[in-house]
Amino acid sequence: YDDVPLSLGQSLLDGLLAGHHVEVGVVFGHSNFTRWFHPLRRRWPIATAIRRTEEAVAASRFGYRLRVGDREEAMLRLGTSDPASYLDASFDPAASPELDPVVRLIARWASEVGADLVLCPLGIGDHVDHLIAAEVGVRLAQAGVAVGHYADRPYASFVGDDDIAARAPAGTVRRDAPSR
C-alpha cells in the first residue's frame, strides 16, 4: 500500500474515518516507480498502470473512492531515482511550478464532492510531492476550506510526536488528541 492506507488505514477501517464517505486523491498519478523493474522514463505507462491497480485494490480493501490526477510524480518529473533528488529538506514547495496546478486540482475535487474536510500529508520525510501536498493544504485553508493534516507514513514512523507537531502548520495540531 501507499501513502493513505499506510497513514490512515486503521482510521478508515474502524476509526474516525470509518462510516464516512471518503475519497482519496492521488494527485501525482503518473509514475515510473514500481518494485517490479528499474524506473526508466519510457516505462511510465506500465508503471502507472501497476500503481493504479495497487491503488484500486487498496481503495476496495479500505473502503474509499479513488481519484487519480495526471501530474507526474517527482521521480518522473526530475528524471532520476536518486532519493536525494526527491527527499529534499531544502525544497520550497511555494516555489514549485506544481503548486498552483495541484491547488486547483484539489480544490476542484473537493468542490465536486462537497467535501467537509480535505486531509493532506504533513510532508514528514521531506518527500517533495508530500511537501507540495502539505502546502496545498495550507493554501486551501487560507482560502477558507476546512483542512486537516496527517502524519504521512512511512516517514513519520521514524520521528517522535514533538517532531511531527513541529512540522505541522499553525493550528493543525491538537495536543489533547491521541497520536496514531
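Of LEU66, LEU105, LEU117, which is the most mobile in a GNM of the chain whose springs link Cα atoms less than 10 angstrom apart?
Of the options given, LEU117 has the highest mean-square fluctuation.
In debye, nearest 20: dipole of the range 28-145 around its Cα centre with unit charges on the Cβ of K, R (+) and D, E (-)?
With Lys and Arg at +1 and Asp and Glu at -1, about 540 debye.
Just subtract the alpha-carbon distance of LEU117 and ARG42 from 0.36 nm times their residue separation and send over the number in nm, one decimal.
This chain segment gains 23.3 nm when fully extended.
When the accessible area of the range 1-115 is split by element with a 1.4 Å probe, what percent falls to carbon and sulfur?
54
In the Gaussian network model of the chain, springs joining C-alpha atoms below 10 Å, which of HIS20, HIS149, HIS30 carries the largest mean-square fluctuation?
Largest GNM mean-square fluctuation: HIS20.
Which one of VAL159, VAL145, VAL128 has the biggest mean-square fluctuation once the chain is modelled by GNM with Cα springs under 10 Å?
Result for the chain, Cα springs under 10 Å: VAL159 fluctuates most.
So if each residue of separation counts as 0.36 nm, and I subtract the Cα-Cα distance between ASP92 and ARG65, what length gain in nm does that give?
Numbers: separation 27, 0.36 × 27 = 9.72 nm, distance 3.06 nm.
Full-extension gain reported as 6.7 nm.
Taking only protein heavy atoms and a 1.4 Å probe, what accessible area per residue, in Å², does the chain have with all protein chains in place? Show your work: numbers first, answer last.
Working: 10090 Å² over 180 residues.
That works out to 56 Å² per residue.
Percent antiparallel among DSSP beta bridges with both residues in the chain, to the nearest 5?
Details: 2 of 11 bridges.
Restricted to the chain, the bridges split so that about 20 percent are antiparallel.
Taking square-rooted eigenvalues a ≥ b ≥ c of the alpha carbon gyration tensor, is the range 31-142 rounded, prolate or oblate, where a/c under 1.5 means rounded and, failing that, a/b exceeding b/c means prolate?
Oblate.
The values are calculated or read from the model by the stated rules, or taken from the named source; none is laboratory data. Since we're looking at a predicted model, the values are computed, not measured. Cβ coordinates were reconstructed from backbone atoms using ideal geometry, including for glycine residues, and neighbour counts include every protein chain displayed. Protein only, heavy atoms only, side chains kept; ligands, DNA and RNA dropped before computing areas. Shrake-Rupley method; radii C 1.70, N 1.55, O 1.52, S 1.80 Å.
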